[in-house]
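We did not get these values from a lab; they are worked out from the coordinates using the rules stated. Everything numeric here is computed off the predicted structure, so don't read it as measured data. Using ideal geometry, Cβ is built from the backbone for each residue, glycine included, and neighbour counts are taken over all protein chains shown.
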Amino acid sequence: MKNPLNFKSIENKLVKLRECIEVLENLKRTPKEKFLKSKEKSGATMHYFVVGIEVIVDIGQHILNEVFQTRGDSYEEIITRLGEVKVVDENFAKENADMAKFRNLLIHEYIKIDLKKVYQNLQKAPEIFRKFAKAYQEFLDKI
């Protein structure tokens, strides 16, 4: 039986996620005061946050749909479900489901964005994104 997953699409998205990780890793090294004053650095950070979270959720929803015949009705629920079905560690999924709220803030509540919180999230985002990428790759390697 043919596997219903679109491996090429997932691989392309993982390449994009690795690009996000690389850019965020570089931005993470910016001293806080310089970051807070730089519209370019904060803007780039927010862009790559959104793209990275979108990639994580897109791949996750595809896996949930095609492999587990379930879905999440929200970004947060997709991440939580990935933990429930053991695509990612369940505790890791629970700890990071709030990234969906951060994405929504960046997209819909952009007037209220606190750049100090953006910088704070930047310090941990590359590692979180890296763990999602690794978990997805390990899951794909098993099927």
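Just for region 15-36: of the residues that are part of a helix (DSSP H, G or I) and either aromatic (Phe, Trp, Tyr) or touching a Leu at 6+ places or on another chain (Cβ under 9 Å) (or both), which one is farthest from ALA133 (Cα to Cα)? Steps first, please.
Applying the first criterion (part of a helix (DSSP H, G or I)) to region 15-36 yields 15-28, 32-36.
Still in the list and also either aromatic (Phe, Trp, Tyr) or touching a Leu at 6+ places or on another chain (Cβ under 9 Å) (or both): 24, 27-28, 35-36.
Working: LEU24: 15, LEU27: 19, LYS28: 19, PHE35: 26, LEU36: 28 Å.
Among those that are part of a helix (DSSP H, G or I) and either aromatic (Phe, Trp, Tyr) or touching a Leu at 6+ places or on another chain (Cβ under 9 Å) (or both), it is LEU36.
Within the group SER38, SER9, SER42, which residue is of a type in the set (Gly, Ala, Ser), closer than 19 Å to LEU106 by Cα and touching a residue at least 40 places away in the same chain (Cβ under 8 Å)?
On the way: SER38 fails: touching a residue at least 40 places away in the same chain (Cβ under 8 Å); SER9 fails: closer than 19 Å to LEU106 by Cα.
On inspection, the qualifying residue turns out to be SER42.
In region 92-143, the qualifying residues are those that are small (Gly, Ala, Ser) and in contact (Cβ under 8 Å) with a residue 60 or more places away in the chain, and the one that is farthest from ILE59 (Cα to Cα) is ALA125.
In region 78-86 there is no residue that is within 30 Å of LYS34 (Cβ to Cβ) and out of contact with any strand residue (DSSP E or B) (no Cβ under 6 Å at 6 or more places or on another chain). For region 98-140, filtering for residues that are part of a loop (DSSP other than H, G, I, E, B) and either within 18 Å of ALA44 (Cα to Cα) or in contact with a Cys (Cβ under 9 Å, 6 or more places away or on another chain) (or both) leaves 5.
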